[in-house]
1. Between B:153, B:170, B:132, which is in contact with a Leu (Cβ under 7 Å, 6 or more places away or on another chain) and crowded, with 18+ Cβ neighbours inside 10 Å?
2. May I ask you to list the residues in segment A:164-190 that are hydrophobic (A, V, I, L, M, F, W, C), part of a loop (DSSP other than H, G, I, E, B) and more than 13 Å from every other protein chain (Cβ to nearest Cβ)?
3. Go over the candidates B:119, B:123 one by one and state the one that is in a loop (DSSP other than H, G, I, E, B) and surrounded by fewer than 16 Cβ atoms within 10 Å (Cβ to Cβ).
4. From the list B:99, B:60, B:76, which one is among the aliphatic types (A, V, I, L, M) and more than 30 Å from residue B:264 (Cβ to Cβ)?
5. Would a scan of segment A:219-228 turn up a residue that is over 28 Å from residue A:22 (Cα atoms) and of a type in the set (Lys, Arg)?
6. Does segment B:263-275 contain at least one residue that is of a type in the set (A, V, I, L, M, F, W, C) and more than 30 Å from residue A:212 (Cβ to Cβ)?
7. Could we say that residue A:155 is closer than 25 Å to residue A:197 by Cα, of a type in the set (Gly, Ala, Ser), out of contact with any helix residue (DSSP H, G or I) (no Cβ under 9 Å at 6 or more places or on another chain) and not assigned by TED's automatic domain parsing to the domain that holds residue A:192 here?
8. Would you mind telling me which numbered condition in (1) within 14 Å of chain A (Cβ to nearest Cβ); (2) farther than 30 Å from residue A:238 by Cα; (3) of a type outside the set (D, E, K, R) residue B:332 fails?
Amino acid sequence: MTKLLEMKNLNVRFKGKRTVHAINDVSLSMEQGETLALLGESGSGKSVTLKTLLGLLPPKRSEIDGSIHVNGTDIMSLRGKALQRYRGGEVSMVFQEPALALDPVYTVGHQIAESVMRHKGVNKAEAMSTALDMLDRVRIPSANRRLHNYPHELSGGMRQRVMIALALACRPRLLLADEPTTALDATVQIQILLLLRELQKEFGMGVIFVTHDIGVAVEISERIAVMYAGQVVEEGTTHEIIRDARHPYTQGLLAANLHDVARGERLNAIPGAPPALEVRPDSCPFAPRCPVAMPECAAGLPPLHLPSDRRRVACLRAAQPLAAE
Amino acid sequence: MSVTDTYQPLPDTGGPAQPLIRVSGLQKYFPVRGGILGRTQAKVQAVDGVSFEVKKGETLGIVGESGCGKSTTAKLLIGLVEKDKGEIVFDGHALGERLSLKDLRRGVQMVFQDSYATLNPRLTILDSVAFGAKVQGLDNPEDLARKMMDRVGLDPDRFAHRYPHELSGGQRQRVNIARALAMSPRLVVLDEAVSALDKSVEAQVLNLLNDLREEFGLTYVFISHDLNVVRYISDRILVMYLGEVVEVAPVESIWHEQAHPYTRSLFSAMPSMDPDNRTKEPPLAGDPPNPINPPSGCRFHTRCRFASAVCREAVPKLSGLARNGDHMVACHLHDAESGHPKAGQGVPE
């Protein structure tokens, strides 16, 4: 079976007043129907990775190289009609802020139907009935009435459900979710996460879920890739990342989650801030903040350590037991 | 001279037993205007009858969903929003009687969520930090500002003459903390002060807040939607729902037992952090109701699994649990005389 996603040595550089090396040599691969969380802090390159996958980066200001295949199709070469069919048909996206992503002057039913008509070539009536079915599937109560509502008439959680209905209306093979629950309240967030989990199983699609919250990643994904300074520093199953994190950055993130910290106890905070990425990192980008850095860490990019199949850690220390523990 | 020596807080007047701040019956309704004449058409009941006190040196955490009134409560505490009703008493002095707004703001300072929007983009960091102290007429405001910047981990020689846009989010939040502390306050209200920061930076700022509390003998009101953060920093937790207090209790007590069904749902909505034991069912369906027309009786009854007729009619009173008076809850289930069919048995599983 063809791989759902095969991304090899992706590099993205933004030009302008100052150059930013946003993605540096990222490779990812996904099987059909897999859920992968991209975990990282702001500026780590998670959203840029998603945008590259949909070809949404500004063409004049970004330099992209590397190869991306989705279901065997080379998406870097897609142009015009083929790109339109791919976006929203093969791969679609749910954004963080549904209030901004939905068009305020059309009803939500109209917006879903428009995408269905465009991709499936059906007439308006059929498309509206698909839209209704989708609103039902994302568990919107009294979907019949909601179909004719405008986005501003819906609550935040409801709008995010509409976004999901819109994204899934054409049955994409791959769903990209860019922090879709960050703007929501905790009690609504968990509803949306569980809904996405159910729909993912029901439709058998792959999901890439971008988040900065480890707890959210655990709830939604089978696999986690941790990003730092535009690189994937560690990847493995959710179980491996949570129970056996090998990269000092991942360990730091887990500690900063405060899940099991005693009250008032001094936190093991990662000092400093991430690098600005004006130059392409030529050594471990985490070394300046790393509690277990060695002189060798500044000498060059750390080799990938591969403890098991599909597990990787970009750290010199990963091959040996950590001195800090 | 160390930074602790330059700290000039208002003197303690009532001794340690007197709460630093006490609010009772606090109410704020925001008018919703509309139509051609701009008449008031409805009122958002943002805060409705909120009472609590914060002891000296204590940290009170306030949690709740958006629209529950936590930020309005914070703004009422420092007089940024004028209250409709109720009383704010700072160290024994009631606001508007023996305490002016200016004096209140000497004693109470606030740090906001959006570190960029709350700094004047045309003022240098040093001017921003020294601004309040200048207004209040404290001695040597700039010297004080430099010391405070140094204390929060910003080298004054490097940062004093920079502008807010040249700093990272974590650094700007340190500036906001320095600015609040330059007034030598006794109470600092932190409204989602670490929520916009990345996790690794959040941990640094939390460590800083803990150190400052000890060094300057501060009292915090810490507002956040992140229960883990609130548990870490607070002594007591207050839970709000649609403008009302539904539960307030010491951290250990509430972590052990959530007495209000809403609090319990809020706690179970936290991601599990356990890949073998993921959340199976959402604890609550739907979004919080609109505070313009809050439900009658207990405002939570529309989403509560245990609601009965009495919950729709009568407003439950906030009162202490039988076995632990410090743990206060507003729920008919805990009141044996409320008329709820399961009253007096606590919250069923």
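1. After ruling out the rest, the residue left standing is B:170.
2. A:169, A:170
3. B:123
4. Answer to the check: B:99.
5. Within segment A:219-228, none of the residues are over 28 Å from residue A:22 (Cα atoms) and of a type in the set (Lys, Arg).
6. Taking every residue of segment B:263-275 in turn, none turns out to be of a type in the set (A, V, I, L, M, F, W, C) and more than 30 Å from residue A:212 (Cβ to Cβ).
7. No, not satisfied.
8. Here residue B:332 clears every test but (1).
The values are calculated or read from the model by the stated rules, or taken from the named source; none is laboratory data. Predicted, not measured: the structure shown is a model, and the values here were computed from it. As a convention, Cβ positions derive from the backbone with ideal geometry for all residues, glycine included, and neighbour counts pool all protein chains shown.
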